[in-house]
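Take a look at the structure below.
Values in this text are rule-based calculations from the coordinates and carry no lab data. These numbers come from a predicted model, not from an experiment. Virtual Cβ from ideal backbone geometry, glycine too; neighbours counted across all protein chains shown.
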Amino acid sequence: MEKMPIAVQVYSVREEAGADFAGTMKQLKALGYDGVELAGLYGKTPEEIRGWLEEADLTPVGAHVPFEELDKDLENTVRAYHSIGCSYVAIPAISEDRRYGGSRYEEFLAAIPVIAGECRKYGMKLLYHNHGFEFEKAADGKTPLDELYASQSPDDLETELDTCWVKVAGEDPLGYLEKYRERCPLVHIKDFIRDDGVKLVAVGDGVQDIRAIAEKAQECGAKWLVVEQDDHIFGSPMENMKKSVCYLRSIME
């Protein structure tokens, strides 16, 4: 496959970033990453974050921003991430009452075009990042993730497909990449094993067919592969981030 830019979701190294954001960014660059997807600002200003990313020569691809933050202070929140240089704002998860069939689901759907419109003012796009619950069939037999995207214009909402949780839910990551072809600019690359439950591991160390996923993501129009590992049972965060990016680079040679 052709080379693709690789970013890391900063949540993967959240403790390191919280202790020394600037130093952590330089370490990630040295490991071979091209960009980062933010997960909060760690009490720093957007100007500080942008400066440290520029020093490290890392592209601020986007950010996971809780729906509650966007709902509470939309204009200032979007402006802050735009000032850092982000191209994408991703809703990382939603509360149970805002999920399909919940008491605030319709309210959530109505808010999406409003948030997307604010993002467009700054040349940014709104994404939704899935977990596993969106694939659990509702009482009416429908799949919540598909219902969410069917309810919204692609101009208002694109997907940040987390291919790990697709697989964990018993679905096919390649099939979902195809389903949302040209609507999935960022793809989360995450690996796991099944050992008394789901355990996350470095990319290439688990059951995922990473090469096939990366190739399909590229074919379907993805702009970035984003490595994410929520926890680190085996090895340290930086060790796993190194293994992950090295594995991805190896399949692009």
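Distances between placed amide hydrogens fall under 5 Å for residue 88 paired with 62, 63, 125, all partners being 5 or more residues away or on another chain.
Which of the residue pairs 44/223; 179/243; 29/242 have a Cα-Cα distance greater than 19 Å in the structure shown?
Numbers: 44/223 28 Å; 179/243 30 Å; 29/242 10 Å.
Table pairs above 19 Å Cα-Cα are 44/223; 179/243.
Between 52, 164, 18, the Cα set farthest toward the positive side of the dipole of segment 6-251 (charges on each charged residue's Cβ, about the Cα centre) is that of 52. Taking the chain as a Gaussian network, Cα atoms linked when under 10 Å apart, which of 43, 85, 204 shows the biggest mean-square fluctuation? Of the options given, 43 has the highest mean-square fluctuation. Of all aspartates and glutamates in the structure, those lying under 13 Å Cα to Cα from residue 167, and not within fewer than 8 positions of it along the same chain, are 134, 136, 191, 209. Projected onto its three principal axes, the C-alpha set of the chain covers 46, 41, 34 Å, listed from the longest axis down.
Taking the Cα centre of the chain as origin and assigning +1 to Lys and Arg Cβ atoms and -1 to Asp and Glu Cβ atoms, the resulting dipole is close to 440 debye.
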